[in-house]
Amino acid sequence: MSGKLMLYASAGPELAWYEADIAAATLERRGSVKLPANVQYAWPHVSRRYLYATSSDSASGVGGLVGKTHRASALRIDPASGALTPHGEPAPLPSRPIHNATDRHSKYLLTAHNNPSAVTVHGINPDGTIGAEIKQPGPLDAGIFAHQVLLTPDDRLAIIVTRGHDADQGKPEEPGALKIYRFRNGVLSDAATVAPNGGYGFGARHIDFHPTQPWMYVSLERQNKLAMFRLGSETPLYTKDLLAEPRNLRPRQLGGAVHVHPNGRYVYGINRSDGGGENSLAVFSIDTWTGEPELIQHADTQGIHPRTFHIDPSGRLLVAAHIRPAKLSVFRVARDGKLSYVRGYDVDAGNAFLWWMGMVQL
C-alpha cells in the first residue's frame, strides 16, 4: 500500500482523480479518464486496486430522456499514483444505474436502477474484471424509484432503498420503502418490506450501517429527516430533523447522503437546495448504548446543492461535492466529530454536473 489518499469525482462522462493531503487538507488534481456515458456512482474493490463505476446517458429524473447507453466499468487503480485505466470490457446494463456497491469480499457487484426500479447482480472475476450477470430466480420487487442497494456488514442481506414520490399535480404520493432480500452466492431471495405507515411519508434515499452495532441510519430525502433502525425492526427507534429550520421549508429542499464516521461515534447527513434553502451538513453524535443520534452541529457546505460527500477512512477529512456550480468543499473532522471548513475548489465541469465523489486510501 502506498498510503496515498485519493479522491475521485465525476463530471459528465469524465472521472477525475485528486491526491489528497490529510494534514494540509488539500486536493491536487492529477488526471482523468472518460467512461462510456455520464458517471452515476462508483465503488472500490476491497483490495483498493479496482474501482467499479456505472454510467448512463439517461436523464436523472423519471419522465426525462431515457438513454441507450448504460454500463458498469471496472477501472484499475495504479497503486503508486492512484491513476485510473479501463480494466476489461464494460458490462451492459438494462437501464440507468443510480447506485452500485460490492459485497465485503468484492465477489459481486450489485447495481440499483431507478427507472424502472430494479437491481442487477454481476459476478466479479478473480482478476477484478466484471463477469456475467447473475440471473435471479424470479422477479424482484424493487419498490418505487430505487436509489441505493447495499449489503449489511455480514453480507447476508441486501437492502434496496426506494424513495417513492411526493404527490404532484394531482398525482397521489407514491410510497417509499426498504426492500430487504437474503443474499447468497449472488442470488436475492425471501423478500421482506420495511415501510412505516405503508411507506407514506417515508422517502428513503440512502442508508449506512454502524461499524460494530446492528444499527442502520436512513436518510429520508422527501421529509428532510434522519431515521435510525435496529436491523430487523419494522419501525425506526428514533427520527431526527436534518434541517436547522425544519418548519421553514424552501422549494427543492431535500435530504441527501448519509455516512457513519469510521469510529462509529458520529453520523452525518446532508441538506441540499438549489438556492435559497439550507445547504449544510448535519452532524449527530451517536449514543453508545442506544444508537440514538443527537444533533451537535450544522456546518454550511459553502456551495449549492451538495449531492455527495465522503469521509476519509482515517475519519479526519470530509469532502462535500456540489453539483452546479461544481465545487469541492474540504472540512477537517475534529475528535468531537464537529466540522471546520478549510477551503473550496471550483471544478471546471463545463455543462455537466459534479455528480459523484468518493475517497479511497491506497
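The values are calculated or read from the model by the stated rules, or taken from the named source; none is laboratory data. These figures come from a predicted structure and were not determined experimentally. Cβ atoms come from the backbone with ideal geometry, glycine included; neighbour counts cover every protein chain shown. Just the protein is used for accessible areas: all its heavy atoms, side chains included, with ligands, DNA and RNA removed. Shrake-Rupley method; radii C 1.70, N 1.55, O 1.52, S 1.80 Å.
State all residues of the stretch 1-38 that are assigned to a strand (DSSP E or B), more than 22 Å from V330 (Cα to Cα) and either touching a residue at least 24 places away in the same chain (Cβ under 8 Å) or in contact with a helix residue (DSSP H, G or I) (Cβ under 9 Å, 6 or more places away or on another chain) (or both); if no residue qualifies, say none.
V33, N38, listed by residue number.
For L237, only one of the following conditions fails: (1) over 19 Å from G143 (Cα atoms); (2) surrounded by 19 or more Cβ atoms within 10 Å (Cβ to Cβ); (3) in contact with a Phe, Trp or Tyr (Cβ under 7 Å, 6 or more places away or on another chain). What is its number?
Of everything listed in (1) over 19 Å from G143 (Cα atoms); (2) surrounded by 19 or more Cβ atoms within 10 Å (Cβ to Cβ); (3) in contact with a Phe, Trp or Tyr (Cβ under 7 Å, 6 or more places away or on another chain), L237 misses just condition (2).
A quick yes/no check of all residues on (1) among the small types (G, A, S); (2) in a strand (DSSP E or B); (3) free of Cβ contacts under 8 Å to residues at least 60 places away in the same chain:
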{"site": "S58", "(1), (2), (3)": "yes, no, yes"}
{"site": "R71", "(1), (2), (3)": "no, yes, yes"}
{"site": "R76", "(1), (2), (3)": "no, yes, yes"}
{"site": "A80", "(1), (2), (3)": "yes, no, no"}
{"site": "T85", "(1), (2), (3)": "no, yes, yes"}
{"site": "E89", "(1), (2), (3)": "no, no, yes"}
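Could you tell me whether the stretch 124-135 includes any residue that is under 18 Å from the mean Cα position of the chain (by Cα) and closer than 20 Å to G358 by Cα?
No, there is no match, as no residue in the stretch 124-135 is under 18 Å from the mean Cα position of the chain (by Cα) and closer than 20 Å to G358 by Cα.
Output the number of the condition that A132 fails; it satisfies all remaining conditions of (1) open to solvent by 40 Å² or more (accessible area, probe 1.4 Å); (2) of a type outside the set (S, T, N, Q); (3) part of a loop (DSSP other than H, G, I, E, B).
(3)
Filter the stretch 166-176 down to residues that are open to solvent by 10 Å² or more (accessible area, probe 1.4 Å) and modelled with pLDDT of 95 or more and give me whichever is farthest from Q148 (Cα to Cα).
Of everything passing the filter in the stretch 166-176, P172 is farthest from Q148 (Cα to Cα).
Are any residues in the stretch 34-52 over 18 Å from the mean Cα position of the chain (by Cα) and open to solvent by less than 20 Å² (accessible area, probe 1.4 Å), and if so, which ones?
L35, A37
What are the residues in the stretch 230-276 that are assigned to a loop (DSSP other than H, G, I, E, B), modelled with pLDDT of 95 or more and touching a His at 6+ places or on another chain (Cβ under 8 Å), if any?
If the condition is that a residue be assigned to a loop (DSSP other than H, G, I, E, B), modelled with pLDDT of 95 or more and touching a His at 6+ places or on another chain (Cβ under 8 Å), then A244, G264, S273 are the ones that fit.
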